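Engineer: Take a look at the following structure, please.
The values are calculated or read from the model by the stated rules, or taken from the named source; none is laboratory data. Note that the coordinates shown come from a computational prediction; the quantities given were computed from them, not determined experimentally. Positions of Cβ are backbone-derived with ideal geometry, glycine not excepted, and every protein chain shown enters the neighbour counts. Surface accessibility is based on the protein's heavy atoms, side chains included, excluding ligands, DNA and RNA. Shrake-Rupley method; radii C 1.70, N 1.55, O 1.52, S 1.80 Å.
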Amino acid sequence: DGPKQSIEKLDPALDVLIASDAKIETVSNGGYSWSEGPVWYKGRIVFSDVPNNVAYQWVEGDAMASVFLKPSGTDAPSANQGSNGLAVDGQGRMLLCQHGSRRVARLGGDGKFEPLAAKNHEGVRFNSPNDLCVAKDGSVYFKVCSCTDYGKLSRLDRSQSRTQTTNSAGEANDADEY
């Protein structure tokens, strides 16, 4: 059974989302190297195995997760790292932080990736887009990890034609993308 697991509730508002008697359950233990970015997408949980350049899917009732995207972080199979953070936009499309291609991309209906942001406000390619979320207005907020980009949060606006990067001091810079 392993160690006892519990949910620490820090705010009573959590009761609206999770039953007070909810149990933590391991749904797939496939020996993934480094799993990240779980997101609910079209009736399944999808998550990244970053070093192996694979995104897996788990559907309730399945004993194990299966491959959803391979590669997940590059346009073609490579030794580069895969996707990290995942999100779903207001139109139900999957967004991926792609370590290998060093960008934020959208998964198209044809299974190909559409780049959304690959450079910061100075025109420098991102090192490792990490986590992202979608705001109610459609803006995409994402974090980039690297020695030079720590402390920066970027916003891709609804039109997805401009990216704004905010440093740790709250100073914003805009840049056209692509």
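Engineer: Taking the range 1-45 on its own, how many of its residues are among the aliphatic types (A, V, I, L, M) and in contact with a strand residue (DSSP E or B) (Cβ under 9 Å, 6 or more places away or on another chain)? Before you say what the answer is, go through the steps one by one.
Structural biologist: Applying the first criterion (among the aliphatic types (A, V, I, L, M)) to the range 1-45 yields 7, 10, 13-14, 16-19, 22, 24, 27, 39, 45.
Next, only the ones that are in contact with a strand residue (DSSP E or B) (Cβ under 9 Å, 6 or more places away or on another chain) stay: 27, 39, 45.
Here the count works out to 3.
Engineer: Additional query: Being more than 18 Å from R106 (Cα to Cα) and in contact with a Lys or Arg (Cβ under 7 Å, 6 or more places away or on another chain) is true for just one of V54, V59, V27, V16. Which residue is that?
Structural biologist: Details: V54 fails: more than 18 Å from R106 (Cα to Cα); V27 fails: in contact with a Lys or Arg (Cβ under 7 Å, 6 or more places away or on another chain); V16 fails: in contact with a Lys or Arg (Cβ under 7 Å, 6 or more places away or on another chain).
Among V54, V59, V27, V16, only V59 is more than 18 Å from R106 (Cα to Cα) and in contact with a Lys or Arg (Cβ under 7 Å, 6 or more places away or on another chain).
Engineer: When you scan the range 31-42, how many residues do you find that are modelled with pLDDT under 95 and either among the small types (G, A, S) or within 13 Å of the chain's Cα centre (by Cα) (or both)?
Structural biologist: Filtering the range 31-42 for residues modelled with pLDDT under 95 gives 31-38.
Narrowing the set further to residues that are either among the small types (G, A, S) or within 13 Å of the chain's Cα centre (by Cα) (or both) leaves 31, 33, 35-38.
Adding up the residues that qualify gives 6.
Engineer: Going residue by residue through the range 9-30, is there one that turns out to be over 14 Å from the mean Cα position of the chain (by Cα), of a type outside the set (F, W, Y) and modelled with pLDDT of 95 or more?
Structural biologist: no
Engineer: On to the next question. Quick one: how many residues across the range 115-141 are within 15 Å of the chain's Cα centre (by Cα), within 19 Å of G92 (Cβ to Cβ) and not aliphatic (A, V, I, L, M)?
Structural biologist: 3
Engineer: Out of the residues in the range 45-88 that are part of a loop (DSSP other than H, G, I, E, B) and of a type in the set (V, I, T), which is surrounded by the most Cβ atoms within 10 Å (Cβ to Cβ)?
Structural biologist: Quick first cut of the range 45-88, residues part of a loop (DSSP other than H, G, I, E, B) only: 53, 59-65, 70-82.
Subsequent filtering for residues that are of a type in the set (V, I, T) retains 59, 74.
Working: V59: 12, T74: 19.
Checking each candidate, the answer is T74.
Engineer: Take the residues in the range 1-44 that are of a type in the set (D, E) and outside any strand (DSSP E or B); name whichever of them is most open to solvent (accessible area, probe 1.4 Å). Even if it seems obvious, please write down each step before you answer.
Structural biologist: Residues of the range 1-44 of a type in the set (D, E): 1, 8, 11, 15, 21, 25, 36.
Then drop every residue that is not outside any strand (DSSP E or B), which leaves 1, 8, 11, 15, 21, 25.
Numbers: D1: 202, E8: 145, D11: 86, D15: 73, D21: 107, E25: 138 Å².
The qualifying residue most open to solvent (accessible area, probe 1.4 Å) is D1.
Engineer: Okay, moving on. Mind checking which pairs have a first residue in the range 18-36 that is polar (S, T, N, Q) and a second that is assigned to a loop (DSSP other than H, G, I, E, B), Cβ under 7 Å, 6 or more apart or different chains?
Structural biologist: That search, which allows pairs on different chains as well, returns S28/M64; S28/A65.
Engineer: Also: For residues that are part of a strand (DSSP E or B) and not aliphatic (A, V, I, L, M), scanning just the range 90-106, find the one that is surrounded by the most Cβ atoms within 10 Å (Cβ to Cβ). Before the answer, list the steps.
Structural biologist: So the first thing to find is which residues in the range 90-106 are part of a strand (DSSP E or B), and the list is 94-98, 103-106.
With the extra rule that they be not aliphatic (A, V, I, L, M), the set shrinks to 97-98, 103, 106.
On the way: C97: 31, Q98: 29, R103: 20, R106: 18.
Step by step, filter the range 90-106, then rank; the result is C97.
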